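One structure below.
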Amino acid sequence: MDAAKLRNKVYIGYGKAAQRIGYVAQQFRAASAFNPLQTTPLQSLNASFTTNFNYSAPNKYGQATWLGVFDGRQFVVGDFLSSPEDGVFFVAAMQTTLPIYCVQANRTISVLRTSQEDAGGVIGYGGTTAENEVALMTGWPASILNGTKGEKSPVNLPADAKTPWYLLLFPSYGDIILRTSDVITDDIGRRYIVSSAELTDMGWRVTAMQGLV
């Protein structure tokens, strides 16, 4: 038996287990960088998510990753699973014969890029405005969790609060490459400025500072 056949047998076993313990979810695959969950589902199937295969421990604060228990034969990294009971997940890794690694998405984001606007004049003024922001990705499920630090206000008044930092995880798409200073907005009206963007085989891992609204 080769590795491919073994993996298929493992995924078939996951599917049989999910039929007994999982809710019905829909599988989505992005056809463009815009609104992947508004495409036609590829299939409906039972799926379960756990922190370990003993089902003996709940997930914890600050932890977005889960082990997916479902028939993964028709999946690729970056696919989404959505169900009313469990929410939205994306497949981060499908390493041979290893558990399916998933990330739970708690927000929906758009990624924007601004271009310098020249106001004219002898010297001219270069700046960014909402009008010259171009959407690179929209309607993209993502995990947004608190980071480990905050940024003090340069004024440093006694009542000033630190500007929060966040860690964002979401699938990559095509040849889109994020840059420092790209803007990310979410479905609850928050705005983030990208500080660093690491493209991994599991998707984007982004550190961003929350911007002023």
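Some notes on this structure:
- Sites E133 and Y61 - FRET efficiency at Förster radius 35 Å, r taken between beta-carbons, to 0.05: 0.60
- Label point distance in nm, R73-I12, each placed 7 Å from Cα along Cα→Cβ: 0.7 nm
- Estimated dipole of the chain in Debye, rounded to 20 [Cβ of Lys and Arg +1, of Asp and Glu -1, Cα centre]: 800 debye
- Label positions at R179 and L145, each projected 7 Å from the Cα along the C-beta direction, are separated by 3.0 nm.
- Look at [x] 154; [y] 164; [z] 195: the one that is volume of the Cα convex hull per residue in Å³ derived from this structure is [x].
- Anisotropy class of region 1-56 from Cα gyration tensor, a/c 1.5 cut: oblate
- Inter-label distance, N54 to Y23: 2.6 nm, where each label sits 7 Å from its Cα along the C-beta direction.
- Using a Gaussian network model of the chain in which every pair of alpha carbons under 10 angstrom is joined by a spring, one finds that among P36, P58, P99 the greatest mean-square fluctuation is at P58.
- When a 1.4 Å probe is rolled over the protein heavy atoms, the share of accessible surface on the chain that falls to carbon and sulfur comes to 53 percent.
- Solvent exposure of region 1-109, expressed per residue, is 55 Å² of accessible area, with all protein chains present and a 1.4 angstrom probe.
The values are calculated or read from the model by the stated rules, or taken from the named source; none is laboratory data. All values derive from a computational prediction rather than experimental measurement. Note that each Cβ is placed from the backbone with ideal geometry, even for glycine, and that neighbours are counted across all protein chains shown. For accessibility, only protein heavy atoms count, side chains too; no ligands or nucleic acids. Shrake-Rupley method; radii C 1.70, N 1.55, O 1.52, S 1.80 Å.
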